[in-house]
Amino acid sequence: MQKTIIIRADASEIIGSGHIMRCLVLADELHHYGIQVIFVCRTLQGNLSEYITKRGFQVLNIPTQEPLSTANQEIEIDFMIDHIQTLNLYPYWLVVDHYEINEYWELALRKYVEKIIVIDDLANRKHDADVLMDQNLTEHGESRYYNLVPEKCKLCIGPQYLLLRSSFYKERKIVKKRSGKVKEVLLFFGGSDPTNETQKIINSIQEDVFSSLNFTLIIGNSYAYQKSIIQKCAALEHVKLYIQTEKMAEIIAKSDFCIGAGGSAMWERCYLGLPSAITIVATNQYPSVSMAEHLGLIWNLGDYKQINSSHYTDILLKAMSSPNDLLNMSQRGLETLDNQNSSEQNILTSIILEK
C-alpha cells in the first residue's frame, strides 16, 4: 500500500498563506519519493484549496468556519476520522501546521495515524506530537516547549529547519556578494497581507526620488485588494507585479534590498543574504524579528499600526544611502543561516523517510 501523509493547514485573508506554502514545500519533496500527500483545509475566504489542487495534491475541505471553537473541533475531528476510515487510510504521518489546533485535537486523532508532526512558533499550548518544528530563531529556543510536548517529542528548533524549495539551495550555491547599491527592490508582505502594507508602500514608491529603482511587488491569491493593486501597478513602469509566484528564490537572489513582513519569508531572505527592513504584521512575529534585529540581520521597522507610507519612504532613502550597512546585513544573514542540511533535503522530509 502506498504510504500516505495527511497535512492539516489553512489559508485565508486573515490567516495568510504561509502555513500552506511551507507545507507545499514538504509535500513536493514527499511526492518525489512516491508518498501520497493529502491536504485537509477549511474553505475560508481566501483559501488556497484550488491552488493546492493545481499543484497536484488532493484536498479534503472541512465544513467548519473561523474561529475553530470547541464545537467546531468536534465536527472537524469527526470529519478527519470519517475520511481516514472511508479512504481506508492509516496515515504514516499527520502533519499539523495550525495555530488553533492543540493537544485535545491531536489526542483524538492519535490512534488513527502512526505519528504526528506539529509545526508551530507560538509555544502557547500543549501538543501531543512525536516531532515539533519551529523554524524561528528566538531567545529561549527549545526551552519554550519543554512543558508543552511529551518527553519523547523530538524538537527541531531554529531557521536551520526552514522548509526551503530546491530553488533556494540552487541559488545559495551561486549567490554573489552584493555591492550594497540599491537598484532592485523586493516588496513582499506575505500572501494575504491582511494589514495591507502593500497599499502603503505603493503610495511611497510613486515619489520621483525612486523613479530610478526597479520594484518587484509580490502578492498572493488570498490578497483581498488584488484588483486595486493590479490597476496601480499597471500605471507604474518601474514596478513589476507577481501574483502567487513560484520564482521567489530567483527574485530574492537578484534583489538588492527588501521591505517585507516577518515570518518564514524573513529567514528565506536571510538565507540568500538579502538585506531587509521588516514590518511586524502579527503578534507571533515579535520574538523572531527582535532576535533578527539583535543579530544585525534586518532593520526592524516595528509594528504595522505605527507605520505609514512616509515611514516606507524614509527606509528606502536610508537603504539607498547605506551601502555598508546593507553589505553587513547580507553577510550576517549568510553566516547565520549557513548550517542548512548538506543533503539539500528538508529535515522534516528526512525524518519522515527514516522509517
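Quick notes on this structure:
- Average accessible surface for the chain: 43 Å² per residue, computed with a 1.4 Å probe over protein heavy atoms with every protein chain in place.
- Computed with a 1.4 Å probe over protein heavy atoms only, the accessible area of Lys318 comes to about 90 Å².
- Radius of gyration and Dmax over the Cα atoms of region 231-355, both given in Å: 16.2, 54
- Cα-only Debye scattering, region 1-153: base-10 log of I(q)/I(0) at q = 0.15, 0.20 Å⁻¹: -0.78, -1.43
- Along its three principal directions, the equivalent ellipsoid of region 103-188 from the Cα gyration tensor extends over semi-axes of 35, 15, 12 Å, largest first.
- Pairwise centroid distance, computed over Cα atoms, of region 132-169 with region 186-256, Å: 30 Å
- In terms of packing, defined here as the mean over residues of other Cβ atoms within 10 angstrom, the peptides 127-138, 230-241 line up highest first as 127-138, 230-241.
- Gyration tensor over alpha-carbon atoms, region 227-284, equivalent ellipsoid semi-axes in Å: 22, 15, 11
- Thr283 - accessible surface, heavy atoms, 1.4 Å probe, Å² rounded to 10: 120 Å²
- Selection from Leu317, Ser212, Leu122, by position along the positive dipole direction of the chain (Cβ): Ser212
- At the residue level, Arg332 shows approximately 110 square angstrom of accessible surface with a 1.4 angstrom probe and all protein chains present.
- Legend: residue pairs Lys54/Lys247; Lys115/Lys247; Lys181/Lys305; Lys181/Lys240; Lys247/Lys305, Cα-Cα distance threshold 24 Å; pairs beyond threshold, Lys115/Lys247; Lys181/Lys305; Lys247/Lys305.
- Average projected area [Cα convex hull, the chain], square nanometres: 17.1 nm²
- Whole-number Å³ per residue for the convex hull built on Cα positions in region 171-298: 107 Å³
- Counted charge near His127, where neighbours are those whose Cβ lies closer than 15 Å (Asp, Glu -1; Lys, Arg +1): -3
The values are calculated or read from the model by the stated rules, or taken from the named source; none is laboratory data. Note that the structure is predicted; figures quoted are calculated from it, not measured. Quick reminder, even Gly has a Cβ in these numbers, built from the backbone with ideal geometry, and neighbours come from all protein chains shown. Heads up: the accessible areas ignore ligands, DNA and RNA and are worked out on the full protein's heavy atoms, side chains in. Shrake-Rupley method; radii C 1.70, N 1.55, O 1.52, S 1.80 Å.
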